[in-house]
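Read the structure below first, then the notes.
The values are calculated or read from the model by the stated rules, or taken from the named source; none is laboratory data. Treat the numbers as computed from the prediction; the structure is a model and nothing was measured. Heads up, the Cβs are rebuilt from the backbone with ideal geometry, glycines too, and the neighbour counts pull from every protein chain shown. Side chains are part of the model used for accessible areas, which takes the heavy atoms of the whole protein and leaves out ligands, DNA and RNA. Shrake-Rupley method; radii C 1.70, N 1.55, O 1.52, S 1.80 Å.
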Amino acid sequence: HKNTKIRSRVQTTLDQVDRKLRQARDVKQQRLRQLSQGEAKAYNWIQKNANMFRGRVYGPIVAEVNLKDSEYGVYLENQVPQNLWHAFVASTQEDRTLLMRELKKWR
């Protein structure tokens, strides 16, 4: 009986975590659908070629930011320049150089 209660609590917690992960993925997918054609192309290229990078490449920033309270979004939007929301950020200088070289090919 005690094990059943523990299992039930663990399952409830797992379900809650799973639900939150799905919601976060859904929000990111919604944001990704709103990207320009060029941004979407860059994002897809980075995902397909992630093995070329030493570290992680983030972005576009608008798809990465996840606020616990959407009320803070207004303040963040006022503090971050508009063009930065659509930027990609590499975690190493080498990755930045590679990313810039590849993206320049598309211009």
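Number of residues in the stretch 56-71 that are of a type in the set (A, V, I, L, M, F, W, C) and either open to solvent by 70 Å² or more (accessible area, probe 1.4 Å) or more than 22 Å from ARG101 (Cα to Cα) (or both) equals 4. Residues of the stretch 42-55 that are exposed (fewer than 14 other Cβ atoms within 10 Å of the Cβ) and closer than 17 Å to ARG31 by Cα: ASN44, GLN47. Within the stretch 84-107, the residues that satisfy the criterion of being assigned to a helix (DSSP H, G or I), farther than 14 Å from GLU39 by Cβ and open to solvent by 30 Å² or more (accessible area, probe 1.4 Å) are GLN93, GLU94, ARG96, THR97, MET100, ARG101, LYS104. Would you point out which residue out of ARG22, ARG31 is farther than 30 Å from GLN93 by Cβ and surrounded by 10 or more Cβ atoms within 10 Å (Cβ to Cβ)? Of the residues listed, the single one that is farther than 30 Å from GLN93 by Cβ and surrounded by 10 or more Cβ atoms within 10 Å (Cβ to Cβ) is ARG22.
Figure legend. Inter-residue proximity from the stretch 38-55: first residues more than 13 Å from LEU103 (Cβ to Cβ), second residues among the charged types (D, E, K, R) and not in a helix (DSSP H, G or I), beta-carbon distance below 9 Å, spacing 6+ or different chains. Indicated pairs: ALA50/ARG56. The residues in the stretch 2-15 that are modelled with pLDDT under 85 and surrounded by 10 or more Cβ atoms within 10 Å (Cβ to Cβ) can be counted, and the count is 1. Restricting attention to the stretch 43-83, the residues that are among the hydrophobic types (A, V, I, L, M, F, W, C) and either part of a loop (DSSP other than H, G, I, E, B) or at pLDDT 90 or above (or both) total 9.
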